[in-house]
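Novice: Before we start, here is the structure in question, set down as structure tokens.
The values are calculated or read from the model by the stated rules, or taken from the named source; none is laboratory data. Predicted model only: the values in this text are computed from it and were never measured. Note that each Cβ is placed from the backbone with ideal geometry, even for glycine, and that neighbours are counted across all protein chains shown. Please note that ligands, DNA and RNA were not included when accessible areas were found on the heavy atoms of the full protein model with its side chains. Shrake-Rupley method; radii C 1.70, N 1.55, O 1.52, S 1.80 Å.
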Amino acid sequence: MKKKEKEVRGFVFNKFEEPEKSVFDRLFDIFKEIITHTSGDLDEALDWLRQLDDEYQLTTDDYSIDDFVEELKQKGYIKEEIEPDGNGGMSITAKTERAIRQQALEQIFGRLKKGGAGNHRTNKTGRGDEHTGDFRQYQFGDSLSRISVTESLRNAQINNGIGEFSMSEEDLVVEETHFKSQMSTVLMIDISHSMILYGEDRITPAKKVAMALSELITTRYPKDTLDILVFGNDAWPISIAELPYLKVGPYHTNTVAGLELAMDLLRRKRNTNKQIFMITDGKPSCIREKDGSYYKNSVGLDPYVIDKCYNKARQARKLRIPITTFMIAQDPYLTRFVEEFTAANQGKAFYTGLKGLGEMIFEDYESNRKKRIRG
């Protein structure tokens, strides 16, 4: 009789092979990247795409760029618009704007799983809603849902015995929970002319970070708030939907105006935890005077301008609003300014190039969710 072979159990590992993408999906990934660089200019983006197709043969004999454009229309990613004068053209839709934000999130922060309520945990215990594994005596006012039935029954048996089982308030215990805080963040983006000087595109990475951060907060931390503002000669808020279209202007850098607006926005928030993220590559060089005129000086660090910046940093500190500066420049004199600015606010500063900017902001945002921010 032939001996039965012993069954072998275990794991079999195969080389991962990415699922084959359709021509549309491959082109759409490239299209989303290009439309970010062109600040939402659809005609320019499609011109770039056609040039890339000529060079790298992105399409096939059965599927052309024109077919791709038609499918974009059918799927609601672009739309045709007619102006009152009869002229018209095509533009991207809100659906495309959302797709761009999602791609930025995946590129910068990785494939993050959507969380639940999205609150920020602190290291304080009390009447919160995240379990710690620790127990304490029941106190009047504790929610009944927090009572640990198992531990309370155990106490009742120990204190009163099984024969004449009874339970009193002294037997009740509740499980400690973490407080969960909500975060209000203002992201300041420098759109002064220096953001595109010296042949380096600095505004596109800043836009990507803003889009990724907005997508992270709205999906993973929906109870948090994010306001975005830009600053050049002046400062003004922009909506998340405006981010793909953001462009650099012929502006100086009015950091004070940006900080004033950021603090004004945060004063209106009820959340205890508030913070400012500032992305900039240049030195403060502009102040708007009370009479509406502008004082500008692009040469060196003007004491009149930077002193006002330090005053705003101290004012934010009194309001318990920490400022984290992401400096896309490493000139020694600018580094010294940021160090003094950070000391005045007791905030943080990162001196970085464009590479890794998004990861730094993500890590800082995530680290702040583990503690309550205090002045």
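Novice: Picking from 196, 217, 189, which residue would you name as being out of contact with any His (no Cβ under 9 Å at 6 or more places or on another chain), at pLDDT 90 or above and at negative phi?
Specialist: Checking each option against the conditions leaves just 189.
Novice: Report those strands (runs of 3 or more DSSP E) wholly inside region 276-365 carrying at least 3 residues which are of a type outside the set (Asp, Glu) and at pLDDT 95 or above.
Specialist: Where strands (runs of 3 or more DSSP E) fall fully within region 276-365 and carry at least 3 residues being of a type outside the set (Asp, Glu) and at pLDDT 95 or above, they are 286-288, 294-296.
Novice: Only one of these is touching a residue at least 12 places away in the same chain (Cβ under 8 Å) and surrounded by fewer than 17 Cβ atoms within 10 Å (Cβ to Cβ): 363, 359. Name it.
Specialist: 359
Novice: Could you check, for region 166-184, whether at least one of its residues is within 30 Å of residue 286 (Cα to Cα) and out of contact with any His (no Cβ under 6 Å at 6 or more places or on another chain)?
Specialist: yes
This table checks each residue for (1) of a type in the set (A, V, I, L, M, F, W, C); (2) not in a helix (DSSP H, G or I).
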residue	(1), (2)
156	yes, no
170	no, no
174	yes, yes
186	yes, yes
197	yes, no
213	yes, no
227	no, yes
233	no, yes
242	no, no
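Novice: Continuing with this model, one more query. Under 6 Å between Cβ atoms, which residue pairs at least 6 apart in sequence (or on different chains) link something in region 35-48 that is over 13 Å from residue 99 (Cβ atoms) with a partner that is assigned to a loop (DSSP other than H, G, I, E, B)?
Specialist: The qualifying pairs are 39/247; 44/38; 45/38.
Novice: Taking the residues in region 220-240 that are open to solvent by 10 Å² or more (accessible area, probe 1.4 Å) and modelled with pLDDT under 90 as candidates, determine which candidate is nearest to the chain's Cα centre (by Cα).
Specialist: In this case the residue turns out to be 220.
Novice: Is it true that some residue in region 262-276 is open to solvent by less than 10 Å² (accessible area, probe 1.4 Å), among the β-branched types (Val, Ile, Thr) and in contact with a Phe, Trp or Tyr (Cβ under 9 Å, 6 or more places away or on another chain)? Even if it seems obvious, please write down each step before you answer.
Specialist: First pass over region 262-276, keeping only residues open to solvent by less than 10 Å² (accessible area, probe 1.4 Å): 262-263, 266, 273, 275-276.
In the following step, the residues that additionally are among the β-branched types (Val, Ile, Thr) were identified as 276.
Checking the rest, the ones that are also in contact with a Phe, Trp or Tyr (Cβ under 9 Å, 6 or more places away or on another chain) come to none.
No, region 262-276 contains no residue that is open to solvent by less than 10 Å² (accessible area, probe 1.4 Å), among the β-branched types (Val, Ile, Thr) and in contact with a Phe, Trp or Tyr (Cβ under 9 Å, 6 or more places away or on another chain).
Novice: If you don't mind, another one. If I filter region 62-72 down to residues being of a type in the set (Asp, Glu) and in a helix (DSSP H, G or I), which single residue comes out as least open to solvent (accessible area, probe 1.4 Å)?
Specialist: Per the stated criteria, the residue is 71.
Novice: Please verify whether residue 55 is open to solvent by 80 Å² or more (accessible area, probe 1.4 Å), among the acidic types (Asp, Glu), more than 21 Å from residue 248 (Cβ to Cβ) and in contact with a strand residue (DSSP E or B) (Cβ under 9 Å, 6 or more places away or on another chain), treating the condition exactly as stated.
Specialist: Working: open to solvent by 80 Å² or more (accessible area, probe 1.4 Å): yes; among the acidic types (Asp, Glu): yes; more than 21 Å from residue 248 (Cβ to Cβ): yes; in contact with a strand residue (DSSP E or B) (Cβ under 9 Å, 6 or more places away or on another chain): no.
When the stated conditions are applied, residue 55 does not pass them.
Novice: In addition: Restricting attention to region 247-271, which residues are part of a loop (DSSP other than H, G, I, E, B), touching a residue at least 12 places away in the same chain (Cβ under 8 Å) and over 14 Å from residue 193 (Cβ atoms)?
Specialist: Listed by number, the residues that qualify are 269, 271.
Novice: Does region 312-333 hold any residues that are open to solvent by 10 Å² or more (accessible area, probe 1.4 Å), out of contact with any Gly (no Cβ under 8 Å at 6 or more places or on another chain) and in contact (Cβ under 8 Å) with a residue 24 or more places away in the chain, and which are they?
Specialist: The answer is 312, 314, 315.
Novice: Out of (1) out of contact with any Asp or Glu (no Cβ under 6 Å at 6 or more places or on another chain); (2) at pLDDT 85 or above, what's the single condition that is false for residue 158?
Specialist: All conditions are met except number (2).
Novice: Here is a further query. Only one of these is of a type outside the set (A, V, I, L, M, F, W, C), surrounded by fewer than 19 Cβ atoms within 10 Å (Cβ to Cβ) and within 13 Å of residue 257 (Cβ to Cβ): 295, 304. Name it.
Specialist: 295
Novice: Among the residues of region 73-84, are any modelled with pLDDT of 95 or more and loosely packed, with under 10 Cβ neighbours inside 10 Å?
Specialist: Yes, that holds for at least one residue.
Novice: Here is a further query. Restricting to region 193-216, name every residue that is hydroxyl-bearing (Ser, Thr, Tyr) and free of Cβ contacts under 8 Å to residues at least 24 places away in the same chain.
Specialist: Residues of region 193-216 that are hydroxyl-bearing (Ser, Thr, Tyr), as a first pass: 194, 198, 204, 214.
Correct list: 198 only.
Novice: Anything in region 286-304 that is of a type outside the set (D, E, K, R) and either in contact (Cβ under 8 Å) with a residue 40 or more places away in the chain or under 19 Å from residue 228 (Cβ atoms) (or both)? List them, or say none. Show your work before the answer.
Specialist: Of region 286-304, the ones of a type outside the set (D, E, K, R) are 286-287, 292-295, 297-301, 303-304.
Residues satisfying the conditions are 286, 294, 298.
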